[in-house]
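A.B. asks: There's a structure below that I have some questions on.
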Amino acid sequence: MAALKLKKFSMEEETNMQEHRTDYYNSRTMVLRRGQEFKITLQFNRPIQKNEQVEFYVATGPNPTEDYYTLAVFQLSKSRSNTYWTATTDSLASSIVNVTISSPADAPIGLYKTSLQIYSKNRKSHSKLHDFILLFNPWATDDVVFMEDENERQEYVLNDSGIIYYGDKDSIQEMGWSFGQFEDGILETCLQILNRSLNYKEDKTLDSSRRGDPAYVGRVLSAMINSIDDNGVVEGNWDSRYSGGVDPLYWNGSVEILTMWRKRGYKPVKYGQCWVFGGVFCTVLRSLGIPTRVITNFVSAHDKDSNLSIDSIYTSSGRSMGKDSLWNYHVWNESWFTRSELGESYGGWQVLDATPQEISGDTYCCGPASVHAIKEGDVDLSHDGPFIFSEVNADRNTWIYYDKDVKEKVYTNIEFVGKNMSTKAVGSDERIDITENYKYPEGSPEERAIYLKAREKLIKMGIINKDGHNKRGIAKKRRKKRNGEIDFDEAETVDEKLDIGGKFELTSSTAFGDDISVTLTLTNTGTKSQNVNVKLSSSSIEYTGKPIAELLSDQTSLTLAPKKEKKIPVNLYASQYEEEIINHNLIEVVALCILKSGKKMLIRKVLFIERPPLKIQMFANAIVNHPVEVEVTYTNPLSTKLSDGGLSIGGSGLVKKKMKRKVPELGPRETRTVVIEITPSRTGTKKLVVDFTSKHFSAIKGFHTINVTDVDVEADDEFDE
């Protein structure tokens, strides 16, 4: 009898990828999910005899070894294991053998090479099989990323488009974003991101073996999505000058960025800000099988000192000095997995942030940190708990800065930070508020108790002293004194309740090009008249709170009778702000109120200036592989002619490559409609994203949700009748 030999084999790619819910991937390599069996067919020259063995090898990473779980060697048998790789068959009676291979639910993810070895008649033969890519598996109950609800799995793993929120807490805006995790080459690019990390370069074998842990993978990727330290994917830029790159507001999806990074030899793509980092990071995590969503935190603190408080600094005229400590909004990600090393209650959503803000463990990365741990003030758990806790729940100290020797803390607000935390709802385009996931209601005894608990933990960790000062900042303070710099921890103040109260109220439209009116209302709740000097100022600002240009500066004095109020109108004319809010459409209005006694009160309001909406309409059903027309209506928001306008059109599963179209010259405030043609390539709910761009204003963004079917729904309904 001739020695046993493998004649042919089939990896059954189409069937396996359908069963593993990976048939969406546009990949030339079979894509599978761990902890789930897959089938292959082997055809030998004859049936396998009892004294013959067929042995499988699966290996990932360089220098694979069984000790590091990057190599598995297992025989064809009739028994299956949930903790190790197995290959089973129901029958050896034929030369054609149907084999079921099972991977453990904690196997490292990545590209696997597969082969088999045949032992027959004292001879050994080796045959290579096809490679496959193994991903995390939210459908496998033993996988740490298991997510029980199918609707959530569809949203957080398989949805290739979404919505990112931005603007201001009182004027929340939304932009469509194409994640595109299934597009051509994207999965392979995501694996390359891991292979170019500092962790991989330091120890390739160890890094490959740790890729079974989503917490480890998430942390490595949070460093690699930004370019600092490691030549990662996106270079951040917050200085309003984008020469040599792209204005972050011009991006509307991840595919172009990831493809550009790969095709340009893995050089950072210019430029990104927080929503770009969040969108790209979501793409990579979903691509690898980790359930992920994009989160926006409004009024987000940037606590550089890890003391759970931030400083807002204003000049004596009321103008912000812009320490970048309080962002109007900040975008990060949440991923879903258990944290056995922390405890059962700390599983679920975990914060991961790729925006490079502060160094963590010698690199610019952030997370994963348990959302539950943040809510309960357990800032001593890994990773970056104090920083994330501050982002959503820091106390805000407001300072008046006179000069390097004179500064004064005028107010502490314990309820200002962390508002309207937003993410897209499951299965719809609704916005849901998840603030309660991160903290107890502001003003409640539970919230303040948790805050004090967090401070106590930082004291025990040796990060701050009992006065709340960062211990590591002592040397920095001495250096500041020598250099004549500001030190805002030294001044002392008593936050006294004033008899004067105040607020700004919007009394006009905030449409771009309209004159804007706000009213400052001051109220005397006391029993004595109060003389008040009011210094008014207004500036255009970045979304980080950094001032760009002063728009208004004025002051007035008034006397407030007991139990009375007075209103002060504040007007901003279009001519004052039109050319000064190119980037983020945000204006800050501030009133510094100084009483005769010397006590001070600072009142602040941020206005979001609304550009004319971009409208997208369809008048026919979208059918896969059939062209369909889309009508886009856009408006020149300027009071002058516009000659450099353009449209940027994208959408995963709708547009193969981003389309760019220059538009004809537009007159002042002129509206025009254009018809474009798209050809959907995949069925399902998709988002067409369109930006209207010009160097004279930030991108005007629009999106339209399109349900793509494989038949004409109306025609099918008529046929059924």
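A.B. asks: When only Cα pairs under 8 Å and 6 or more residues apart are kept, what is the percent relative contact order across region 1-105? Working shown, then result.
C.D. replies: Working: 194 pairs, mean separation 29.3, N = 105.
Worked out over region 1-105, it gives 28 percent.
A.B. asks: Of all the Cα-Cα pairs you can form in region 338-398, what percent are over 20 Å apart?
C.D. replies: 26 percent
A.B. asks: Report the calculated FRET efficiency for Ser95 and Asp229 (r = Cβ-Cβ distance, R0 = 45 Å), to the nearest 0.05. Walk me through the intermediate numbers first.
C.D. replies: Values: r = 55 Å, r/R0 = 1.23.
With a Förster radius of 45 Å, E is 0.25.
A.B. asks: Moving on. Any chance you could tell me what percent of the C-alpha pair distances in region 170-209 go past 13 Å? Don't jump to the answer; show the numbers that get you there.
C.D. replies: Values: 508 of 780 pairs.
Result for the distance tail: 65 percent.
A.B. asks: Can I ask one more? What FRET efficiency comes out for Glu188 versus Glu665 if R0 is 35 angstrom and r is the Cβ-Cβ distance? Round to the nearest 0.05.
C.D. replies: Computed FRET efficiency for Glu188 and Glu665: 0.25.
A.B. asks: Next question. Quick one: plug the Kirkwood hydrodynamic radius of region 530-673 (C-alpha pairs) into Stokes-Einstein at 4 °C, 1.567 mPa s, and report D in µm²/s.
C.D. replies: Approximately 67 µm²/s, per Stokes-Einstein.
A.B. asks: Could I ask something else about it? From the phi angles alone, apply the Karplus equation (6.51, -1.76, 1.60; θ = phi - 60°) to region 109-114 and give each ³J(HN,Hα) in whole Hz, x where the residue is Gly or Pro.
C.D. replies: 7, x, 7, 10, 9, 10
A.B. asks: What number, in nm² with one decimal, is the all-direction average of the projected area of the convex hull of the alpha-carbon atoms of region 1-62?
C.D. replies: Numbers: hull surface 25.0 nm².
Across all orientations, region 1-62 yields a mean hull projection of 6.2 nm².
A.B. asks: What number does region 87-183 give for Rg over Rh if you use C-alpha atoms and the Kirkwood radius? Show your work: numbers first, answer last.
C.D. replies: Values: Rg = 22.0 Å, Rh = 18.2 Å.
In region 87-183, Rg relative to Rh is 1.21.
A.B. asks: May I ask which of Lys169/Lys375; Lys424/Lys567; Lys424/Lys657; Lys113/Lys660; Lys270/Lys424; Lys546/Lys686 have a Cα-Cα span longer than 29 Å here? Walk me through the numbers before you get to the answer.
C.D. replies: Details: Lys169/Lys375 21 Å; Lys424/Lys567 39 Å; Lys424/Lys657 25 Å; Lys113/Lys660 40 Å; Lys270/Lys424 27 Å; Lys546/Lys686 36 Å.
As for pairs spanning more than 29 Å Cα to Cα, those are Lys424/Lys567; Lys113/Lys660; Lys546/Lys686.
A.B. asks: Could you sort 160-167, 628-635 so that the peptide with the highest average Cβ count within 10 Å comes first and the rest follow in order?
C.D. replies: Result, highest mean Cβ count within 10 Å first: 160-167, 628-635.
A.B. asks: Along the charge dipole of the chain, pointing to its positive end and built from +1/-1 on Cβ of Lys, Arg, Asp and Glu, which listed residue (Gly427, Ile101, Cys190) has its Cα farthest out?
C.D. replies: Among Gly427, Ile101, Cys190, the one farthest towards the positive end of the dipole of the chain is Cys190.
A.B. asks: If you place +1 on the Cβ of every Lys and Arg, -1 on the Cβ of every Asp and Glu, and leave all else neutral, what size is the dipole of the chain about its Cα centre, to the nearest 20 Debye?
C.D. replies: With only Lys, Arg, Asp and Glu charged at Cβ, the dipole is about 2280 debye.
A.B. asks: Can you find, among Asn297, Ala561, Leu206, the residue farthest towards the positive end of the dipole of the chain? Put +1 on the C-beta of Lys and Arg, -1 on that of Asp and Glu.
C.D. replies: Checked the options; the winner is Leu206.
A.B. asks: Non-local amide H neighbours of Asn137 (under 5 Å, H modeled in plane, Pro and chain starts lacking H): which ones?
C.D. replies: Arg34, Val145
A.B. asks: Rank-order 293-299, 641-647 by packing density, defined as the average count of other C-beta atoms within 10 Å over each peptide's residues, highest first. Please report the intermediate quantities before stating the final value.
C.D. replies: Details: 293-299: 24.1, 641-647: 16.0.
Final packing ranking: 293-299, 641-647.
A.B. asks: Also, I was wondering about something else. When the helices in the chain are scored as -39500 (n - 2.57) per DSSP H run of 4 or longer and the sum is shared across all residues, what 222 nm value do you end up with, to the nearest 500 deg cm²/dmol?
C.D. replies: About -4500 deg cm²/dmol.
A.B. asks: Report, please, the projected area of region 170-242 averaged over directions, based on the convex hull of its C-alpha atoms, in nm².
C.D. replies: Values: hull surface 30.4 nm².
Projected over every direction and averaged, the Cα hull of region 170-242 covers 7.6 nm².
A.B. asks: Take every Cα pair under 8 Å in region 388-438 that's 6+ residues apart, average their separations, divide by the length, and report that relative contact order as a whole percent.
C.D. replies: 30 percent.
A.B. asks: Enter the angle in degrees (range 0 to 90, nearest 10) between the Cα long axis of helix 445-460 and the first principal axis of the Cα atoms of the chain, meaning the one along which they spread out most.
C.D. replies: Rounded to the nearest ten degrees, it is 70.
A.B. asks: Could you compute how fast region 202-277 diffuses translationally, taking Rh as the Kirkwood radius over C-alpha pairs and applying Stokes-Einstein at 4 °C with viscosity 1.567 mPa s? Give it in µm² per second.
C.D. replies: Diffusion coefficient, whole number: 96 µm²/s.
A.B. asks: Collect residues whose amide H, placed 1.01 Å from N in the peptide plane, falls under 5 Å from the amide H of Val31; neighbours closer than 5 in sequence don't count.
C.D. replies: Those qualifying (amide H under 5 Å, at least 5 residues apart or on another chain) are Ile133.
A.B. asks: A further question on this structure: Identify, among Gln617, Gly646, Thr633, the residue whose Cα sits farthest towards the positive end of the charge dipole of region 611-663, taking +1 on the Cβ of Lys and Arg and -1 on the Cβ of Asp and Glu, with the dipole about the Cα centre.
C.D. replies: Highest projection toward the positive end goes to Gly646.
A.B. asks: From the backbone phi of region 663-678, what are the Karplus-calculated ³J(HN,Hα) couplings (6.51 cos²θ - 1.76 cosθ + 1.60, θ = phi - 60°) in whole Hz, Gly and Pro given as x?
C.D. replies: With the stated coefficients, region 663-678 comes to 10, x, 4, 10, x, x, 6, 6, 10, 9, 10, 10, 10, 10, 10, 10 Hz.
A.B. asks: What residues have an amide H closer than 5 Å to that of Ile706, excluding those fewer than 5 places away on the same chain, when H is modeled at 1.01 Å from N in the peptide plane?
C.D. replies: Residues meeting the amide H criterion: Lys686, Lys687, Leu688.
A.B. asks: Distance from the Cα centre of region 354-372 to that of region 69-140, in angstrom?
C.D. replies: So the separation of the two Cα centres works out to 38 Å.
A.B. asks: Additional query: Mind computing the radius of gyration and Dmax over the alpha-carbon atoms of region 1-126? Å is fine for both.
C.D. replies: My reading of the Cα-based Rg and Dmax gives 14.8, 45 Å.
A.B. asks: Give me the distance between the Cα centres of region 175-189 and region 602-662, rounded to whole Å.
C.D. replies: Centre-to-centre (Cα) distance: 20 Å.
A.B. asks: Could you compute how fast the chain diffuses translationally, taking Rh as the Kirkwood radius over C-alpha pairs and applying Stokes-Einstein at 25 °C with viscosity 0.890 mPa s? Give it in µm² per second.
C.D. replies: So the translational diffusion coefficient is about 86 µm²/s.
A.B. asks: By how many nm would the segment from Glu442 to Glu152 grow when fully extended, if each residue of separation counts as 0.36 nm and the alpha-carbon distance is taken off? Show your work: numbers first, answer last.
C.D. replies: Working: separation 290, 0.36 × 290 = 104.40 nm, distance 2.89 nm.
Full-extension gain reported as 101.5 nm.
A.B. asks: Percent of accessible area on the chain owned by carbon and sulfur, 1.4 Å probe?
C.D. replies: The C+S portion of the solvent-accessible surface of the chain is 45 percent.
A.B. asks: Still on this structure, please answer the following. Mind checking the log10 I(q)/I(0) for region 593-721 at q = 0.10, 0.11 Å⁻¹? Debye, one equal scatterer per Cα, no solvent, two decimals.
C.D. replies: Here log10 of I(q) over I(0) equals -0.46, -0.52.
A.B. asks: Let me ask you something else. Roughly what percent of Cα-Cα pairs across region 382-460 reach past 21 Å?
C.D. replies: 46 percent
A.B. asks: Here's something else I'd like to know. Suppose all protein chains stay in the model; what accessible area per residue would a 1.4 Å probe give for the chain, in Å²?
C.D. replies: On the way: 31330 Å² over 721 residues.
So the chain comes to 43 Å² accessible per residue, rounded to a whole number.
A.B. asks: Now for a different question. Looking at the chain only, what percent of DSSP beta bridges run antiparallel? Nearest 5 please.
C.D. replies: Working: 152 of 173 bridges.
Restricted to the chain, the bridges split so that about 90 percent are antiparallel.
A.B. asks: Ranked highest first by the average count of other Cβ atoms within 10 Å around their residues, in what order do 121-132, 373-384, 569-580, 212-223 fall?
C.D. replies: Details: 121-132: 13.8, 373-384: 21.2, 569-580: 15.4, 212-223: 24.2.
Output ranking for 121-132, 373-384, 569-580, 212-223: 212-223, 373-384, 569-580, 121-132.
A.B. asks: So what are the ³J(HN,Hα) numbers for region 129-138, from phi and the Karplus equation (6.51, -1.76, 1.60; θ = phi - 60°), rounded to whole Hz, Gly and Pro as x?
C.D. replies: Here the 3J(HN,Hα) series is 9, 7, 5, 8, 9, 9, 10, 4, 9, x Hz.
A.B. asks: A further question on this structure: Compute the orientation-averaged projected area for region 137-291 from the convex hull of its Cα atoms and round it to one decimal in nm².
C.D. replies: The Cα convex hull of region 137-291, projected and averaged over all directions, gives 10.3 nm².
A.B. asks: For region 298-403, with only Lys/Arg (+1) and Asp/Glu (-1) charged at the beta-carbon, what is the dipole magnitude about the Cα centre, in debye rounded to 20?
C.D. replies: 380 debye
A.B. asks: A follow-up question, please. How would you classify region 233-357 from its alpha-carbon gyration tensor, with a ≥ b ≥ c the square roots of the eigenvalues: rounded for a/c under 1.5, else prolate if a/b is greater than b/c, otherwise oblate?
C.D. replies: Judged from the Cα gyration tensor, region 233-357 comes out oblate (a/c at least 1.5, b/c at or above a/b).
A.B. asks: Related question: Quick one: putting +1 on the C-beta of Lys and Arg, -1 on the C-beta of Asp and Glu, what dipole do you get for region 544-650 around its Cα centre, in Debye to the nearest 20?
C.D. replies: The calculated dipole for region 544-650 is roughly 1040 debye.
The values are calculated or read from the model by the stated rules, or taken from the named source; none is laboratory data. Bear in mind the structure is a predicted one, so any value in this text is a computation, not a measurement. Note: ideal-geometry Cβ built from the backbone for every residue, glycine included; neighbour counts use all protein chains shown. Surface areas here come from the heavy atoms of the whole protein model, side chains and all, with no ligands, DNA or RNA. Shrake-Rupley method; radii C 1.70, N 1.55, O 1.52, S 1.80 Å.
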